[in-house]
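Bear in mind these aren't lab numbers, they're just calculated from the coordinates by the rules spelled out. Here the structure is a predicted model, which is why all the values come from computation and not from measurement. So basically every Cβ, Gly included, is an ideal-geometry build from the backbone, and we count neighbours across all protein chains shown.
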Amino acid sequence: MATTVTGTKTIKKGKSPVGGPRFPGGNGGGSRGRNGHNGDMSHFESSANRYRIGMWVALAAILMMFTALTSAYIVRAASSNDWRPIAMPQILLLSTALIVASSGTLELARRKLKEAFEVSFNRWLLMTTALGVAFVGSQLLAWRQLVRQGVYVGSNPHSSFFYLLTATHGVHLLGGLIALTYLRLRTRRTERDGQALAKRHAVADAVTLYWHFMDGLWIYLFLLLFFWR
Amino acid sequence: MSGETHEAVHRHPAPTGFIRKYIFSLDHKVIGIQYIMLALVAVLVGMTMSVLMRMNLSWPGTNWPILGTLFPGGAPDGMMTPEFYLSLVTMHGTIMVFFVLTTAPQGGFGNYFLPIQIGAEDMAFPVLNMLSFWVTLVGFIVILAAIFFSGADSTVGPIGGWTGYAPLSALPNAGPGQGMGMNLWIISIAIFCVGSLLGALNFITTLLNMRTRGMSLMRMPLTCWAWFTTAVLALLSFPVLLGGGILLLLDRLAGTSFFIPGGLYLSGILSGTDERFPLHTGGSPILWQHLFWFFGHPEVYIAILPGMGATSHILSTFARKPVFGYRAMVFAIFAIGLLGFFVWGHHMFISGMSPYSAMTFSILTLSIGVPSAVKTFNWLGTLWGARIRFTTAMLFAIGFVSLFVAGGITGLVLGQTSLDLPMHDTYFVTAHFHLVMGVASIFGMFAATYFWFPKMFGRLMNESLGKFHFWITFIGVYCIFVPMHTMGIVGMPRRFAQFTEYEYLKTLHPLVVFVSIAAIATVLAQIVFYFNLLWSIFKGKRAGENPWDATTLEWTTASPPPHDNFAGHLPVVYRGPYEFAVPGAANDFVMQTEPEVILQAVGSGREGTSGNGHDGHRH
C-alpha cells in the first residue's frame, strides 16, 4: 500500500498530513498566490488586503489607548472628592451631528467607488472632508467656549480629561483627514491596471473603516464625558 | 530549490544610491541591521552604566579621577553622589529594556528574518517599517539627551528608575534630574511607543497577508510564531504606556492632577501654598503603577519571546531532530502571551491591594509556570538522545534554556504574595529579572547572531572566539546573579548607592566585590564578541547558502539574500519547518521547499505519536 512521507510522519494515502494541505493551495493558507498567478485578479485582491488587515490591527492599538484613558477616567473619578463635571458646551451636539453625517457620506463615497461612479465618488468624498473639517472646527469652538468660561486643562480633573480626550480624538481625526486626502489624490484612476484598482478599493475600505471608528469613538467619548453617572 | 523553476521572473531592482540603499532604506534586511546596530550601541551605554554602579557598590569612597573630570557635579572629587547613582540605575534600566531588549530581538532579527522565513519579498508596509526605525532612533537620541540636559549637572538623567513611579516622576522639583531630565525621559518613551507600534502593525499584517504558497500557519518556523505573538503583545501594551505617559506629562507641564495626590510637601512647601509648588489634589499614584505595569509585564515577554523562538529553531537545527511538540510550543507561546496581560498586579503587591486581587494575580502568575514548563520540557525533549552539533549558536541556545529555568524558577517564589512582600525591594528581585528577562533574552540574541550571521553577511563567525565568548559569559552571568539571590534573602535593598552604613550587610561585602569582579570580567568578554562580529564581516570563512544544513526558507536563498530576498522566484512550501532525520529521505534534513515524495510502504499505517505530526525518535 502506498503511503506518503511528509516529514517524519508517515501517513496513509489520501489522508491530509498535520500542519497544512498536502499540496500548496492556489491562494489559501499560505496566502500570497504570487507564483504562477501573475495578472490574476485574486492575487491583487489578496495582496491589497494588507491595507484592510493593517487598519484592523491599527484600530486595535487605538482602542487599547482609549481603553487605558477610560480606565484612568473611571479610577480618577472615583478616587477623590474633587470631581466637578463641567457643563457640556452645547456646540458638541453639532459636532456629533457633523461626524455622524460624515460617516454616512463616506460610506456612500465608498459604495460609489465600488460601482465605478467616479464623479459621485469624488463628490461624496469631498463632502466627507468638508464635514470632517467642520467637526474639527466645531470642537475648537467648544474649547473656546470653555476657555471663555475660565475652564482650563488644569482647572479640575473632569476638564483635564475633557481636553485630553477631545485632543487625542482630534489628532486621530486629523490623521483621518490626511487619509481622505491621500485616497483622493494618490489613488487616482490614472493607472487603471488591476493592481492599482485593487489597492484603491482596499485603501478606500481601510479609510472608511477608520472614519467609522472615529465616529463611534467620538460618540463613546461624548457619552462617557457627559452622560456617565 | 526545485518546484519553482517554471515561475515567471519579476525582480524588483535594488536602489542604487548610497542613501536610499543604506540610510533611508525600505529594505527590511537593511532596517533589521540598523535596529541591531542601534541595540549594539545602546547596550554599550547601558553596560558602561552597570559597571559604574558596580564600582560604586564594591569600592565606596574610592576616588575615580576620570569620573570627577567628566561629571564634576555628579562625582565631586571622583566620588559618586547617591543621586548620580540613582540616575545611573534609571538610565541603565531604561536603555537596556527599551533600546536593547525590545529593539534587537524584534526590530532587528524579526525584521530581517520574518519576511524571508514566510517567503515574502519584504514587509507589508516598507515605508512604515523605515519610519518605525527612524522614530525609534529619535527616541534613543532623546534619551541620550537626558544624560546631558537633565537640568542639574549632578545626574545623568532622572532618578525615578525605569518604572518612573509617580508622584516622584510627576513633580519637576522633586529632586535633581527630575526637571528636564524627566521630561526628556517621558518624551523618549512616548516616541519609542510610536515606533514600536508601527513595527508591530507591520509584523502582524506581514505575517497574516504575505505568506507564500503552501506556508500555512502550522508550517511556520517557531521564530515566526514568537515574533508574531511579540508583535501582538506590543500592539496591545504600548498604547497603554503611551496613554499613561501623556497623563504624566500633563501632570508635569499642564498643572493637572492625574497622579499627584493632595497635601504633598516638597522641600517643606505644602502643595498650593507657594508658586514653586502649585496646588494638586486628588490624584492617584497607584493609577500610574497600574497603567505602567499593564504595559510593563507584557514588555517582559516582548523581550524574551523572540529568544524562545530563536532557541527552539536553533536547538532543532543542531540537534538534527524536529522540535518536540511543535503544536504544544505554538500554544505555549500564545498562553504565555495571553496570561502576560493578566498578571501585572504582581509587581504591585507591595503597593497595597485587596488580598483577593492579590490572590488572583498570584494564582494567574503561578499558572504561567505551566506553558513555561511545556516549553522547557519540549526543549529538553528536542535534545533528548540527539547527536548534538555543539556550535557556538547551539551553546548559546542551550545557555538560554539554562538561564530561563534558573531565572524563571524564582518567579514562582516572587509570584506568591507572602514571599514577595519581604523580598520585593531586595536584590532577589534584581537577580530574578536580570537572569530571566535580561540575560536569557540576550543569550537568545547571541544564539541568533551566531546562527544567522552567515546569512546576513555571507561569512561565518569565528567559532573559537565564539566558544571563548560563550563560556566566559555563561559562567560570568551566573557568578553575577546567583550571589544576588543570597544578598536579597539576607535583606540587601535595591537601588541603594552603597551599604557602608548598614551593620547587618557588612558581612556581605566580599560577595558584593565578587559580583563586581565577575561583572567586569563578563563585560570584558563582550569585547571579544564585538571584535568577532567586525572581524568576521571582512575576514570570516565564506558561508554557502546553507552552512548549517537547516531547513527553513532563509537557507534556500543566497547569503546575503538579494534585495527582493528570492531573486524574483518566490518559494513554494510543501512541508513543515523542522524535518530533520526523516526516515527514507536522502539527507538528514529536508528543506521546506522540497516537494512531496511518494515512497513505497515506509512503516505503513504507523502514525506519529508525539501529537504534532513529528516523531523524532524513530531513526
Inset, instruction - Could you list, in their original order, any pairs among B:LYS29/B:LYS541; B:LYS321/B:LYS455; B:LYS29/B:LYS321; B:LYS321/B:LYS375 whose Cα atoms are separated by more than 25 Å? - result: B:LYS29/B:LYS321
Inset, instruction - Quote to one decimal, in nm, the extra length available between B:LYS506 and B:ILE537 on full extension: 0.36 nm per residue of separation minus the C-alpha distance between them. - result: 6.3 nm
Inset, instruction - Would you mind working out the magnitude of the charge dipole of segment A:44-227 relative to its Cα centre, with +1 at each Lys and Arg C-beta and -1 at each Asp and Glu C-beta, to the nearest 20 Debye? - result: 380
Legend entry - Relative compactness, segment A:44-227, computed as alpha-carbon Rg over 2.2 N^0.38 Å: 1.17
Inset, instruction - Work out the mean other chain Cβ neighbour count within 10 Å for the residues of B:231-241 and drop it here as an integer. - result: 4
Legend entry - Test item: B:284-293 mean partner chain Cβ contacts at 10 Å: 2
Legend entry - Helix-only [θ]222 nm of chain B, DSSP H runs n ≥ 4, -39500 (n - 2.57) each, per residue, nearest 500: -18500 deg cm²/dmol
Legend entry - Environment charge at B:LEU168 (Cβ cut-off 13 Å; Lys +1, Arg +1, Asp -1, Glu -1): 0
Inset, instruction - Using the Kirkwood radius over Cα pairs, work out the Stokes-Einstein diffusion coefficient for the protein assembly as shown at 20 °C and 1.002 mPa s, in µm²/s as a whole number. - result: 74
Legend entry - At R0 = 35 Å, FRET efficiency that the Cβ-Cβ distance of B:SER267 and B:THR486 yields, to 0.05: 0.35
Legend entry - Stokes-Einstein translational diffusion, segment B:71-207 - Kirkwood Rh over all Cα pairs, 0.890 mPa s, 25 °C, in µm²/s: 154
Inset, instruction - Order these peptides, B:73-79, A:53-59, by their mean beta-carbon neighbour count within 10 angstrom, highest first. - result: A:53-59, B:73-79
Legend entry - Gain on full stretching of the segment that runs from A:VAL119 to A:LEU174 - 0.36 nm per residue minus C-alpha separation: 17.3 nm
Inset, instruction - Could you list B:HIS509, A:HIS43 in order of exposure, starting from the residue whose Cβ has the fewest other Cβ atoms within 10 Å? - result: B:HIS509, A:HIS43
Inset, instruction - Report, as an integer, the average count of C-beta atoms from other chains found within 10 Å of each Cβ along B:581-589. - result: 2
Legend entry - Dipole of the protein assembly as shown, positive direction: furthest Cα of B:ALA550, B:LEU421, A:LEU108, with charges on the beta-carbon: A:LEU108
Inset, instruction - Set the Förster radius R0 to 35 Å, insert the Cβ-Cβ distance between B:TRP471 and B:PHE149 as r into 1/(1 + (r/R0)^6), and round the FRET efficiency to 0.05. - result: 0.25
Legend entry - Computed magnitude of the charge dipole of the protein assembly as shown (debye, nearest 20; Cβ of K, R +1, Cβ of D, E -1): 1920
Legend entry - Alpha-carbon centroid distance for the pair segment B:31-107 / segment A:138-184, whole angstrom: 40
Legend entry - Centroid-to-centroid separation of segment B:177-226 and segment B:318-384 [C-alpha atoms, Å]: 21
Legend entry - Farthest positive-ward along segment A:44-227 dipole, Cα basis, beta-carbon charges - from A:GLN139, A:HIS158, A:ALA61: A:GLN139
Inset, instruction - Would you kindly derive the ³J(HN,Hα) couplings of segment A:153-162 from the backbone phi angles with the Karplus curve 6.51 cos²θ - 1.76 cosθ + 1.60 (θ = phi - 60°), listing them in order in whole Hz, with x for Gly and Pro? - result: 4, x, 4, 8, x, 5, 5, 4, 5, 4
Inset, instruction - Could you give the size of the charge dipole of segment B:1-152 about its Cα centre, using +1 on the Cβ of each K and R and -1 on the Cβ of each D and E, expressed in debye and rounded to the nearest 20? - result: 180
Inset, instruction - Excluding residues on the same chain fewer than 8 positions from B:LYS21, give the aspartates and glutamates whose Cα lies under 19 Å from its Cα. - result: B:GLU121, B:ASP122, B:ASP564
Legend entry - Residue-span extension gain [B:PHE514 to B:SER464] - 0.36 nm each, minus C-alpha spacing: 15.3 nm
Inset, instruction - Taking every pair of Cα atoms in chain B, average 1/r, invert it to obtain the Kirkwood radius, and report Rg/Rh to two decimals. - result: 0.99
Inset, instruction - Sort A:ILE219, B:ILE33, B:ILE260 so the one with the fewest other Cβ atoms within 10 Å of its own Cβ comes first. - result: A:ILE219, B:ILE33, B:ILE260
Inset, instruction - Please arrange A:ASP193, B:ASP251, B:ASP588 by counting, for each residue, the other beta carbons lying within 10 Å of its beta carbon, fewest first. - result: A:ASP193, B:ASP588, B:ASP251
